[in-house]
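Working notes, beginning with the structure itself.
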Amino acid sequence: MADSTQNPYVGPRTFTRQESKRFFGREREAQELCSLVISERLTLFYAQSGAGKSSLINTRLAPLLEEAGFVVLPISRVSGDLPPEVRRVSNIFIFNLMLSLERGSGAPNRLVDLSLADFLARLTSTDGENYCYDPQAELDGEADDAALHHVLIIDQFEEIITTHPERWTDREDFFRQLNGAMAADPLLWVVLTLREDYVAALDPYAHLLAGKLQARFYMQRMGSQAALEATRRPAAQYGRPFAPGVAETLIDNLRQIRVPDQRETQPGEFIEPVQLQVVCFQLWESLGPDSAQTEITEADLIRLAGGRDLAQFVDRALAKFYADAIDLVSSDEPGRTEFDLHNWFESQLITPAKTRALVLQDPQSGAVGELPKSVIAALEKLFLIRAESRAGGTWYELVHDRFIDPILQANWEWQQNHPLIIAARDWQKTDWDESKLYQGEPLAAAFTHPDAKIGLVKEFLAESRKAETAREEAIKREQRHQVLKWTIGIIGLLAVAAITAAVVAVNQANLAYQNAGVAVQQEGTANAERSAADKARETAQAAQVKAEAERDSAAAAEFNAQQQRATAEAAGTESAQRFNSVKGFATETFFVKQTLESEQSKSATLAANLAAVLTAQAQAPTATATPTPLPTPSPAVTDGSSEGTEPDDTPTPTVTPTTTPEEAGKATVAAAQSQLAQVQAEQTAVAQTKATSSAISFPPPGQIVFVSDRLSQADLYIMNGDGSNVIRLTGQDNSLDVNPLYPKPSYGPGQRHQLIFSSKRGDRLSLTAINLAGQDPVDIGGREWDNWDPSFAPGGQQLTLVSSRSGRPEIYTMQLDGSEAQLVTNDLVRATIGGPVNIGSPVWSPNGRRIAFVVSEREAQSDIWLVNADGTNPERLTRSGSVDANPVWSPDSQQLAFVSTRDGNVEIYLADLLSGGAERNLTNSPFDENYPAWSLDGNWLAFSRYTTNNEIFVMTLDGNNVTNLTNNSSSDWSPVWTP
């Protein structure tokens, strides 16, 4: 029995030949492979990355071949760079193979022009383990050695494809030399072992070999039964076996995989040998060498999992392996921070749906995303990632789904010790929300933190400082605002005082005019008495003298009144001047300019109107009603006779009750004070409030371009936001025919103000760009294939579109002149979507980061997907099981409007991306609504509604204010907003 203090598991590395007794689970494959190698002179042995090919060769195949009488040469490789002392070689792959077989036992320069056949013919060994090329060796050699079959095993043979691409011509020569060596030495056997995804790359060279690579052995990934053997037998061999059922539970946890569109994991068919070794290695280490237990129980696993279930223990074991690998790689790569590695795994290799993502390697630099080739190679050697070759490129992914949750958990735990990184990532995930930025003391302290130099954190702190500066400026503006507010209040009070003084002066003038009226009445009485009774001349004369005296008094009163009226008018003028001064002062304050000027204009108008009222009152007669006449004296009647003056039968005039001047003045003052108080309140509200957005009002701003068949063909038209001023843009000649099957136009912001749409060009769908006047047509994207569904990028210099240039519909991005076409729906996107699908309706987000598009799995089902503009991180947004189509971005890129049949008819829905894609129905009508289009201010949606025909409608984002803009007998659809 082996020492129980030693670990029977090797962890995340290849088994050596000395560890053969600890290698289990591949006995059947080893026997079958050995039989094939013995029977065939050249065997191709292949399997997936991480399946254990090298371990099988070291621990099983080589010993079995030796037992069968073969001499196994040192296991060798064809990769490697030239030594410093070697400048030139005839064939770099042959040279590296010879160096690998010699293991550094001789000078490299003697091999630079040597053929493989000559090298193998003079390869000698004194101990059967160490070999050296001896140019003096005789070809007939020792008889007993020459009679033995010898096997050349080349491991990781995919390196003839993956390394030294500049020496591609050496590949064919390598296979010719290998075939020549086998022809020259009939006792030479060859085994080529490589990854499954590179087998097809050898086919062009198969005809150069005698057997044409027909003898092949494929090793499946490890199944559950083999995994049980690899788990139980080493532990039992080292004196601490698993209790019944415990190893089975462990294996079941290791083979869990995620199925798309399902929340729960499902048991998979295979187990990754590397993961098995990692978990078992850490399990044994955690038990400790001094444990008195004689077996491993499930209770031990649960306890080691922290009181949780076994799946948690597996997660923690894998998470620790991942964290240790990150520490190792980051320490070996000084220019690469732990954050870079954590972020790369989470953002590039794991999708939002928690599935594995494929990331393309740059063919020139070898980088994958932001990680350089050296880091990728280190991570691959640690079996955290694996490569897959397809479609002319190399793609990387996690080795297994089982790593996803442990990686996310390890990243979260690491971030807890790096609060700055958490804050920066939170800011990034909320689409750069300013409320997430630092401010005050935390911001000042953050600049001294070691994480402040990390790229994302550095950007986060820079934006935080910028926002802090803006807040400080806002505080200063608010302080100036307060000064302005109090100044306005003081001037307002002065204006009230001036108006009040003016009103008092008017009242005094009215009183003087009233006194003058009384004097006039008295003069009339005197005249009547004088004409009626000559006999009372003395009395009349006395009355006349009195009246003249009173008239003089009235004239004096009138003079005083005129002086008072002038004073009142001056007071009103001063009031207006003071209000004009307020206006000038407020104008200097830019952030309340327009609103404050409006309110102060009201004040000036009020003052002017009040002055006019006061002037009119001062110039009017004493009273607005007819004065009450004094009674006419009647002559004395004696003895009942009628002698003397006849009685006056004229009826006395009726007097209408009127408002006295005092009451009118009081009412005027009260009204003026009330109005001025209202103006003051409005001014104060303006001064206390920064510029606020105006209420949503109809009509919406901007113009709407739409498609209509009102002239019996599909054409583009443009109209105002209220449906007025409809102008035809296309159809003036046959070169601008809109394709009715793919009619959606797109507006391109920028100086050119272009519209782009799908037009008919013979048998092809082409793209045409015009200006908003329907002029200057430009053909976009060529005519060798179909192009449709265009959408401008922000800035109007790029667009995304659907094109058949690859033989099937795919989404591309390109420059407006048709150059620099880049495939968006690449193999990564296709693999993530899965299955045969149709792809269309791409729409570029206003912030330029993502593209929304539609995936149609079958006729009655389609979904909205999102992908980065460079074709990374594809993400499914909707899952209704119905038709979801025609997505359109909000101007702030935080919402998507789209149409869906999930409620039985075509309705318009809104998806809030900030809340995880929460969806709501906006229309809720019995009609079919389609082609939503967002207004440039983000407050309105235009769309088409079908009743008896299609019409263009608009509505606000709450689904209200629905207004028909077209309302005619033709069909109008596919609206798009322009300025």
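Just so it is clear, none of the values below were taken in a lab; they were calculated from the coordinates. Bear in mind that the values here come from a model prediction, so they are computed numbers and not experimental data. Please note: Cβ atoms are built from the backbone with ideal geometry, for glycine as well, and neighbour counts cover all protein chains shown.
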- [ ] Treat the stretch 40-220 as a sphere of radius equal to its Kirkwood radius over Cα pairs and apply Stokes-Einstein at 10 °C in a medium of 1.306 mPa s; give the translational diffusion coefficient in µm²/s, rounded to a whole number.
- [x] 94 µm²/s
Task: Residue-count net charge about E907 - beta-carbon cut-off 9 Å; Lys, Arg +1, Asp, Glu -1 - done: -2
Open item on the list: Suppose a student asked you for the relative contact order of the stretch 40-220, using Cα pairs under 8 Å spaced at least 6 residues apart; what percent would you report?
Closed with: 37 percent
Task: Dipole magnitude of the stretch 183-279, debye to nearest 20 (Cβ charges: Lys/Arg +1, Asp/Glu -1, about Cα centre) - done: 220 debye
Task: D155, D737, D134 arranged by Cβ crowding within 10 Å, fewest neighbours leading - done: D134, D737, D155
TODO: Could you tell me which of rounded, prolate or oblate describes the stretch 816-900, using a ≥ b ≥ c as the square roots of the eigenvalues of the alpha-carbon gyration tensor, with rounded for a/c under 1.5 and, failing that, prolate when a/b is larger than b/c and oblate otherwise?
DONE: oblate
TODO: Go ahead and collect, in residue order, the members of the stretch 69-88 whose backbone nitrogen is under 15 Å from a label point 7 Å along the Cα-Cβ direction of S125.
DONE: 69-77
Task: Label point distance in nm, R176-S374, each placed 7 Å from Cα along Cα→Cβ - done: 3.7 nm
Task: Which of I271, I407 has the fewest Cβ neighbours within 10 Å, and the rest in rising order - done: I407, I271
TODO: Using the number of other C-beta atoms within 10 angstrom as an exposure proxy, rank R171, R110, R176 with the fewest first.
DONE: R110, R176, R171
Open item on the list: Below 14 angstrom from the Cβ of A467, what's the summed charge of the other residues (Lys, Arg +1; Asp, Glu -1)?
Closed with: -3
